[in-house]
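Read the structure below first, then the notes.
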Amino acid sequence: MTDNLTPEKRSKVMASIRGRDTGPELMLWRVLDHRMLRRYPPILGNPDIGCKRWKVAIFVDGCFWHACPRHYKPPTLRAGYWRAKLERNVNRDREITQVLRSAGYEVLRFWEHEVVRDPVDCAKKVMEALQNQRGSQPKAPAVDDGNRAHSG
């Protein structure tokens, strides 16, 4: 099958595909409690949402770009290129998840179709992960505010 677009038009179409601020990411963000979370936090793997303090990383994976087993349909044009590209994406996802979990992170990965279908359920899973991580962290030492009597 040949591409029905000129190379210039195809390049323009591909350049317009968003890697950040996708509809599903924004949908999930809107239903989350923002007090403990950041968008695009400085965490290895560049999660879409996360909390470095409580070690939670959330990824919203696009069904095409991350080869969703339910919705991915391999392109027929340049099939070899796309197969290799998407295999690299999937392998990188696996590696990042493993490295973050080894560092004590709770890693949540949602397919875009899961977020679109039920963003509230995904948000509940995020908040549960935050609660679990907060409970597993050592308590911060009490801070002396200067109002207590000191011995000595």
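The values are calculated or read from the model by the stated rules, or taken from the named source; none is laboratory data. Every value quoted in this text rests on a predicted model; they were computed, and no experiment measured them. Ideal geometry is used to build each Cβ from the backbone, glycine not excepted, and the neighbour counts take in all protein chains shown.
Things to note:
- Subset of the range 16-26 that is of a type in the set (Gly, Ala, Ser) and in a loop (DSSP other than H, G, I, E, B) - its residue that is surrounded by the most Cβ atoms within 10 Å (Cβ to Cβ): 19
- Among (1) modelled with pLDDT under 95; (2) surrounded by fewer than 11 Cβ atoms within 10 Å (Cβ to Cβ), the one test that residue 32 misses: (2)
- Near pairs, Cβ below 9 angstrom, 6+ apart or cross-chain, from the range 31-51 (within 20 Å of residue 98 (Cβ to Cβ)) to any residue that is hydrophobic (A, V, I, L, M, F, W, C) and surrounded by fewer than 17 Cβ atoms within 10 Å (Cβ to Cβ): 44/99; 44/103; 45/99
- Flag for residue 88 being at pLDDT 95 or above, more than 13 Å from the chain's Cα centre (by Cα) and exposed (fewer than 12 other Cβ atoms within 10 Å of the Cβ): yes
- Failed item in (1) within 13 Å of the chain's Cα centre (by Cα); (2) modelled with pLDDT under 95; (3) not hydroxyl-bearing (Ser, Thr, Tyr), with residue 47 passing the rest: (2)
- Of the residues making up the range 98-105, at least one is in contact (Cβ under 8 Å) with a residue 60 or more places away in the chain, under 30 Å from residue 36 (Cβ atoms) and either in contact with a Lys or Arg (Cβ under 7 Å, 6 or more places away or on another chain) or surrounded by 17 or more Cβ atoms within 10 Å (Cβ to Cβ) (or both).
- Selection of first residues in the range 118-133 that are on the phi < 0 side of the Ramachandran plot and of second residues that are not hydrophobic (A, V, I, L, M, F, W, C), restricted to Cβ pairs under 7 Å at least 6 apart or on distinct chains, gives the following pairs, ordered by first then second residue: 122/114; 127/33; 129/106; 132/106; 133/55; 133/106.
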